[in-house]
Each structure stands twice: as C-alpha cells, then as structure tokens.
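Visitor: A single structure is presented below for examination.
The values are calculated or read from the model by the stated rules, or taken from the named source; none is laboratory data. Quick caveat: nothing in here was measured; it's all calculated off a predicted structure. Here the Cβ positions follow ideal geometry from the backbone for every residue, glycine too, while neighbour counts run over all protein chains shown.
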Amino acid sequence: MAKDEKFTLERQDRRLLAVLAEDGQLSAGKVSERLGVTSPTVRSRMKNLMAAGVLRVAGLVDPFRIKGLEVAFVGITVETHSKMDDMLQKVSALDKVNWAAVVTGRYDIMVEVLLPEGTDDLYAFINDELSAIGGVAASESFMVMKAKRKWVPLPRAVRRRFFGQD
C-alpha cells in the first residue's frame, strides 16, 4: 500500500477498532469474545491493521492531570505552498510535536505541542526548533488552559525531559 493511500476497513475491522477504542488493554481473548471470533483472528486483523498504518496501540495520558505538563497549539503560515508536504513532515518530526496537520483557514499548518517546561518551552520551540526548519513566514501560539477528553501519546522530548527516558 502506498504511503498516503487510504485503507478500506472491512466490517470486522471496524468492529475490532470500536472495541479497542473503548479499552485498548483488552486481551485478544476478551476481544474475540466480544466480537464472536477466534483469538487468532483478532491478532491477525490487528497485525494487518498495524502493518497498514491504520492502528497503533499506545499508552495515552491526560496531560492536564500531570503537574508541570502544558499543551499549546501553534498556527503556522508558510512562506511558500509549493512544498507543503515537505513542510508538514519537517514540523511533525520536531520532538515536542504531538500532531501536525495542513488545515484550511487562517493558517497553513496547525501543530499541537506538549511542553514539560511551560511557556519557556513554548518560546524555545518557536524561537529555536521551528525557526531552524526554515520556510515559516509567521506563527501564532495558543496555550491550552483546560480541556476535556484529551488523551495523547507523549512526544519524544516530553518522554526524555519530563520522565527521563525515550
């Protein structure tokens, strides 16, 4: 399957993803009971979905329940639109970035960053890391004060600096 090609989910895969979305810690045996299929079928379908880049099983955290961890959004305007995919790739590879997306509206790219050192980290992200990739005409940042239903994987920089591991 090509990198940007969309994967068509079969009914069984949609049901599997729905069960995992409720509780990603369920064993293959428990999932198989809920779906009415065998455990090997569950493991095989999960393996196929992971290989297709559709599913990734990870521990998610609520950043608003961890003292010292901050979340911010950064809206980015790029200098030229001719290399938007390249710019998105560069921005998404930055260590504090949880996700990045090309969007419609005022900005070209929106980025969510997790900041183990608050506004000092946001300043370093914009001034040092974002400016180092080049091609940024302007940016605007938004510190998130409160959110609900916000579960995120921890980006590399947060794992390293906040928890002392990678």
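Visitor: For the stretch 52-67, enumerate the residues that are surrounded by 13 or more Cβ atoms within 10 Å (Cβ to Cβ) and under 20 Å from Val113 (Cα atoms).
Guide: Hits for the stretch 52-67 are Val61, Asp62, Pro63, Phe64, Ile66.
Visitor: Test Arg159 against the criterion of being surrounded by 14 or more Cβ atoms within 10 Å (Cβ to Cβ), outside the structural domain of Ala21 (by TED's automatic domain parsing), within 25 Å of Ala21 (Cα to Cα) and free of Cβ contacts under 8 Å to residues at least 12 places away in the same chain, and give yes or no.
Guide: Yes.
Visitor: So, one more: Within the stretch 9-29, is there a residue that is within 30 Å of Asp128 (Cβ to Cβ) and out of contact with any Gly (no Cβ under 7 Å at 6 or more places or on another chain)?
Guide: no
Visitor: Cβ-Cβ below 6 Å, separation at least six or inter-chain, first residue in the stretch 58-83 and under 16 Å from Leu130 (Cβ atoms), second hydroxyl-bearing (Ser, Thr, Tyr) and in a strand (DSSP E or B): which pairs?
Guide: Ala72/Ser141; Val74/Ser139; Val74/Ser141; Ile76/Ser139
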